[in-house]
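Here the structure comes first, spelled out in structure tokens, and everything after it is commentary.
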Amino acid sequence: MVRLGMGHHRVRGARVSDLEDVRPLLANADTVLLDFDGPVCSVFSGITDFDVASQLRQVLRDHGVAMPVAIERHNDPLEVLRFAAASERQVLVEVEERFVNAEVAAVKVAEPAPYAHDFIRAVWRAGKALAVVSNNSEPAIRAYLKIHGVDEYVGRVVGRAYADPARMKPHPHSVLRALSELDTVPHAAVLVGDSVTDVQVSVAVGVPCIGFANKPGKEQRLADAGAAAVATGADGMGLLVAALGTETA
Ligand SMILES: [Mg+2]
């Protein structure tokens, strides 16, 4: 739930952030770096992540690549892609291509995060630059933003490096590229993400991070990783919208 002006809470030991925590982080930033899967939408809510992972495994099988049990059973296609990096270049490229196609299909039926599109528009209204920085592919992110009519508010889209999974977050490549393309510096930005890897890359690069704990139990992990604040609950992006709406100049 969104908690406004209710003071500080603790959930299983983690302090839940409120408007007063989030507002200065956004007010001090001229640039918002926004993770995609989680804070914007649940990419694999219509087409499941396991289904996509299975499609990627089929590419590997077609090339006679043996997989460990952990990869055979993994739900996360990003982990299958990481595994594919040990294969020949052409195999990795085919896995990447299949993944991009599957993601583009998935975002067409992906469920938006509550208040995510409001947040994108609010960032634009506040006069800040916005880049989506994601381990998902740029074509899929662009397709989603266009379908939902918010593409015009997003200045940059930095998806995962093509057929180069080692440079996915928490590798700093995508965050550094977004900062460079927007001609800004780490301390003038803020990153919003729902994964520990988002917090890790933020800490490594020096960008303050607002965690989005969209599922129970995430707030502690994000706080422990070094998030400056954590918006909690499935509709936690609403807290960020509220914070932008009440920013003082
Ligand atoms: Mg995410």
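Worth pointing out:
- For the pair Lys108 and Val185, a Förster radius of 41 Å applied to the C-beta separation gives a FRET efficiency near 0.70, rounded to the nearest 0.05.
- Under the convention that each Lys and Arg Cβ holds +1 and each Asp and Glu Cβ holds -1, the size of the dipole of the stretch 61-214 around its Cα centre is about 280 debye.
- With an a/c value of 1.5 or above and a/b not larger than b/c for the gyration tensor axes a ≥ b ≥ c computed over the alpha-carbon atoms, the stretch 49-107 is described as oblate.
- Extension gain from Tyr153 to Phe50, taking 0.36 nm per residue of separation minus the Cα-Cα distance: 33.9 nm
- Helix content alone sets the calculated 222 nm mean residue ellipticity of the chain: runs of n ≥ 4 DSSP H residues at -39500 (n - 2.57) each, divided across all residues, give -13000 deg cm²/dmol.
- In a reduced charge model with +1 at each Lys and Arg Cβ and -1 at each Asp and Glu Cβ, the stretch 26-134 shows a dipole moment near 200 debye about its Cα centre.
- Exposure proxy ranking for His148, His171, based on other Cβ atoms within 10 angstrom of each Cβ and starting from the fewest, stands as His148, His171.
- Local electrostatic count at Leu244 - Lys and Arg +1, Asp and Glu -1, tallied over other residues with Cβ under 15 Å: -2
- A Cβ-based charge dipole, computed about the Cα centre of the stretch 49-107 with Lys and Arg at +1 and Asp and Glu at -1, lands at about 160 debye.
- Annotation: the antiparallel percentage among DSSP beta bridges lying fully within the chain is about 20.
- The phi torsions of the stretch 42-48, fed into the Karplus equation with coefficients 6.51, -1.76 and 1.60 and a -60° offset, translate into couplings of 8, 3, 9, 8, x, 8, 7 Hz, rounded to whole numbers, with Gly and Pro shown as x.
- Anisotropy class of the stretch 111-229 from Cα gyration tensor, a/c 1.5 cut: rounded
- Nearest-0.05 FRET efficiency for Gln220 and Glu88, computed from C-beta distance (R0 41 Å): 0.50
- Unit charges at the beta carbon, dipole of the stretch 49-107: most positive-side option, Ala70, Val52, Ala105: Ala70
- Think of the chain as a dipole: +1 on every Lys or Arg Cβ, -1 on every Asp or Glu Cβ, centred on the Cα centre; then among Pro114, Ala163, Leu81, Pro114 lies furthest on the positive end.
Bear in mind that the values in this text are calculations on the coordinates, not laboratory data. Just so you know, these numbers come straight off a predicted model, no measurement behind them. For neighbour counting, all protein chains shown are included, and Cβ atoms are generated from backbone atoms with ideal geometry for every residue, glycine included.
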